[in-house]
Amino acid sequence: MPESKFKSRIQLPWNSLGLVAVLIVLIIFFGLMSEYFFSAVTFRTLVNQIPALTVIAVGMTFVLLIAGIDLSVGSVMALCAAVMGILIIDHQAPIAVALIGALLMGLVCGTANGFVSAKWRIPSFVVTLGMLEIARGGAYLVTNSETKYLGDSVGFIGSPIAGLGVSAALIAAILVVVIAQWVLSKTLFGRYMIAIGTNEEAVRLSGVNPLFWKVLVFALAGLLAGLGGVFQLGYLQSADPNSGIGLELAAIAAVVIGGTSLSGGRGSVVNSFLGVLIIAVMQTGLAQLGVSEPSKRIITGMVIIAAVLFDQFREPLGRFFQRK
Amino acid sequence: MLLRIKKLNKSFVVPVLKNLDFELHEGEVHALLGSNGAGKSTLCNIISGIHTADSGSFEYCGMPYTPHSLQAAEALGICMVMQELNLFPTLSVAENLYFRSMSNRFGIVQHQAIQRRAKKALQTVGLNYIDPAQPLSQLGVGQQQLVEIASVLQRPIRLLILDEPTSALTGPQIDLLFEQIIQLKKQGIGVIYISHRMDEISRIADRVSILRDGELVATKAVADISTDRMVQLMAGDESTSIDVKESIDQSHLPNNSILLKVENLTRRTKNQSGGDSGFENISFNLNAGEVLGIGGLIGSGRTELMRAIFGADQAHKGCIRLASDGFKTRRIMKSPADAISHGIGMLVEDRKSQGLLLSHSVSKNISFAILDSLNSKLGVVDQSAEQDLAESMSKKLSIQCDSMQQPISLLSGGNQQKALLARWLAIDFSILLLDEPSRGVDARAKSQIQALIRELAAMGKAVLIISSESQELLKVSDRIAVMSNGRLAGIFKTTELSEEKLLEASFCFYSSEDNQSKSVNARI
């Protein structure tokens with residue numbers, strides 16, 4: 001059926017387009033309202049803010065896809081950054097070794113989350129809530145509850161590469177988005193994630209072991225939280241055990257704005273990335289307009305709810321667009 | 001006359017009740033008999049307002065009656081005790097008894113008052129030794145069932161529907177329940193009584209109505225009809241099995257190449273509603289090129305048996321042996337993946353909740369079980385191979401859809417079922433387990449599926465099939481193993497079997513004494 005193949009190719013990801021439209025509207029709006037919006041400062045703020053949240057949102061997308069949730073990412077990020085900082089400062093480890101140490105830490109936390117919740121069928125909400133506390137405690141323990149200053153040695157991660165204008169962290173984060181979207185739409189793993197989120201029992205009865213894939217998803221979320229920690233470390237040039245508080249909520253918000261279903265089975269990494277951009281642009285833009293922190297939060301909250309409301313009516317709207 | 005129903009019709013896609021007449025007198029116990037899908041439950045659901053009738057006239061207490069909701073029916077004194085317990089295990093016995101009308105003052109529950117009342121209510125069903133303050137979950141299943149009955153008896157009832165009330169009760173408890181029913185009769189309350197247990201019907205019922213395929217076959221006074229005759233009427237007088245058999249070519253039959261041996265397989269569990277479910281000591285052989293049907297009533301352990309062979313649930317005792325290693329290894333399948341790796345596939349009973357990936361396309365549903373063999377490199381799904389597979393399968397099974405990319409949720413039941421069958425046919429299996437393969441599909445898809453099953457057997461596959469329709473079972477099977485109350489009632493050659501005999505075997509391990517002692521001899 002060549003016709004059907006054709007059809008599927010030209011089916012527009014109108015949901016992505018909708019998000020892009022929202023993003024453009026926001027940028028134009030802030031551009032008109034504030035003369036400083038189109039400036040190097042804004043750009044730098046955005047570029048610095050985005051990478052950590054982006055990679056964490058990618059991991060969160062996978063977790064939500066299998067109908068789970070990971071509340072521990074913010075703490076795990078802080079713990080991984082702390083581990084990396086301590087390895088560099090107290091153990092004089094080469095940066096590459098410290099980086100691997102941070103990623104491993106994230107992987108361990110994530111695997112523990114996945115294994116405990118999938119193996120013993122404990123809701124991931126509870127398990128990762130526990131991990132949120134454990135990892136935060138770990139971060140305080142490792143750093144002795146002090147912010148460890150690293151200075152310029154790790155600055156290269158977050159600062160713009162000469163000639164390109166963007167940081168290594170941002171490039172890495174975008175690379176993660178591209179790879180993760182590819183994994184989701186092309187590979188066996190991606191297919192299994194969506195299937196587990198849709199109907200786990202059917203997956204099991206088809207001879208696929210959901211346990212392995214679920215653990216893998218949480219392990220990846222942990223690993224990506226570790227990577228986020230590395231980015232954060234590079235940006236702050238210090239290991240702050242208090243960093244990333246509430247980040248899990250920002251990540252979930254970004255993913256939900258991107259249209260990923262909280263009940264699993266439907267989602268897109270690219271859309272989550274667009275969700276991150278929308279949140280980042282809004283926060284930066286509102287700050288430049290001189291909106292106070294409380295008002296900023298109220299507006300952000302309303303946008304999240306609006307996004308979910310919009311998502312509720314996604315299907316009828318989608319049908320409307322397809323008919324055209 | 002308490003209730004008079006005339007020319008009742010009801011369809012769920014297919015007609016379930018056809019021109020049914022039913023009458024219930026005051027103070028009468030009227031038993032409903034019929035095999036699976038005969039329409040008993042639908043009739044009761046309509047009377048109690050859960051479903052609405054398509055057409056037909058109702059008269060209740062001499063007034064026209066249009067039951068449009070459960071609440072409306074209850075307001076008129078019509079109550080139903082359902083098979084599944086509708087109770088709250090974490091609340092106390094007393095709270096369960098008075099859940100709808102809890103004595104309260106400004107929203108504060110008056111525990112002492114309801115416990116006092118509960119104590120009395122429990123006495124009516126012989127549970128005087130139960131403390132009303134204790135959580136319901138501490139009670140046994142039979143006791144819980146009695147609590148539910150006691151709770152209904154507290155309401156002002158005029159018509160009571162009991163759907164298999166004794167399935168979890170012991171002998172003395174049944175005696176007590178029957179005493180209560182006799183009390184109700186004296187008060188002029190009409191009782192509709194559904195049970196699979198013939199001895200109970202002879203004991204408690206005044207009249208019996210026998211349903212078959214949604215039609216009323218007969219209404220008789222219990223004194224005027226023998227148990228054997230009831231079974232005959234349920235099955236249908238004219239045995240249709242003979243002409244159906246002609247369509248099957250049996251020339252390929254058993255060359256005695258056994259593929260699977262099931263030995264003393266046992267799994268006993270409490271099911272969700274609290275009843276005992278599962279199966280015990282099931283043994284049979286499955287031959288290549290054979291369709292072995294599993295007959296029996298819903299809840300007789302058919303599905304549980306099949307799921308254990310497939311590893312969806314693990315068997316507790318016994319084993320299965322496979323031809324692939326010369327029947328040397330005693331196996332219990334640990335997971336579906338385990339069974340699939342040994343060449344066993346299974347089409348599950350409930351396609352929506354256990355089979356379909358509703359948000360996926362037709363092709364993704366078909367390819368799902370062999371996805372790992374469709375990957376090219378790095379775990380990337382080879383989408384053109386997937387498309388080819390889906391197209392060839394849908395051609396083979398004539399699945400009707402706009403394209404392979406269409407979401408499977410938009411397909412008809414029959415086409416969804418065929419897509420799930422395709423999922424298994426894509427695998428190289430030697431044994432296929434089919435649980436109700438034609439449930440909820442239209443007539444055309446049904447005959448296509450049946451033809452396919454015969455075709456698979458002709459190819460030398462071994463097929464095990466469960467069906468609640470005895471006609472279908474007789475049509476496609478070479479042999480039929482009949483299960484009754486979790487045990488094997490016997491294995492019959494289909495050529496020697498009629499619907500009547502099949503039904504008789506299905507009922508053979510259901511009797512009141514059977515609940516306590518398992519030492520009943522098979523009648524066949």
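Every read-out reported here was derived from the displayed coordinates using simple, explicitly stated rules and does not represent laboratory data. This structure is a prediction, so every number in the text was calculated from the model and none was measured. For neighbour counting, all protein chains shown are included, and Cβ atoms are generated from backbone atoms with ideal geometry for every residue, glycine included.
Expressed to the nearest 5 percent, the antiparallel share of DSSP beta bridges inside the protein assembly as shown is 60 percent.
For the range B:299-385, what's the relative contact order in percent, using C-alpha pairs closer than 8 Å and at least 6 residues apart?
19 percent.
In terms of other Cβ atoms within 10 Å, B:179, A:248 run from fewest to most in the order B:179, A:248. Each residue of the range B:315-328 is assigned a 3J(HN,Hα), and the resulting list reads 5, 8, 9, x, 7, 10, 10, 10, 5, 4, 10, x, 6, 6 Hz, derived from the Karplus form 6.51 cos²θ - 1.76 cosθ + 1.60 (θ = phi - 60°), x at Gly and Pro.
Taking amide hydrogens as placed 1.01 Å from N in the peptide plane, the amide H of residue B:212 sits under 5 Å from those of B:217, each at least 5 positions away in sequence or on another chain.
Averaged over residues, the count of other Cβ atoms within 10 Å places the peptides B:282-288, B:182-188 in the sequence B:282-288, B:182-188, highest first. For residue B:377, go through the aspartates and glutamates and keep the ones whose alpha-carbon is under 15 Å away, minus same-chain ones fewer than eight residues off. Partners within reach: B:386.
Neighbour counts of other Cβ atoms within 10 Å put A:37, B:178 in the fewest-to-most order B:178, A:37.
Peptide B:349-358 shows a mean partner chain C-beta count of 4 within 10 Å per residue C-beta. For chain B, the Kirkwood radius over C-alpha pairs fed into Stokes-Einstein at 20 °C and 1.002 mPa s yields D = 85 µm² per second. With contacts taken as Cα pairs under 8 Å at a separation of at least 6 residues, the range B:357-428 carries a relative contact order of 47 percent.
When DSSP beta bridges are restricted to pairs lying wholly in the range B:365-524, around 60% turn out antiparallel.
Over every pair of different alpha-carbon atoms in the protein assembly as shown, take the mean of 1/r and invert it; report that Kirkwood radius in Å. Hydrodynamic radius (Kirkwood, Cα only) of the protein assembly as shown equals 31.2 Å. Could you tell me the distance between the Cα centroids of the range B:99-154 and the range A:99-175, to the nearest Å? That distance is 54 Å. For the residues of A:185-192, the average number of beta carbons from a partner chain within 10 Å of their own beta carbon is 6. Taking each of B:7/B:446; B:317/B:493; B:40/B:185; A:214/B:396 in turn, the alpha-carbon distance tops 25 angstrom for B:7/B:446; B:317/B:493; A:214/B:396. The ranking of B:193, A:36 from fewest to most other beta carbons within 10 Å of each one's beta carbon is A:36, B:193.
Within 10 Å of the Cβ of each residue in B:396-407, the mean number of Cβ atoms contributed by other protein chains is 2.
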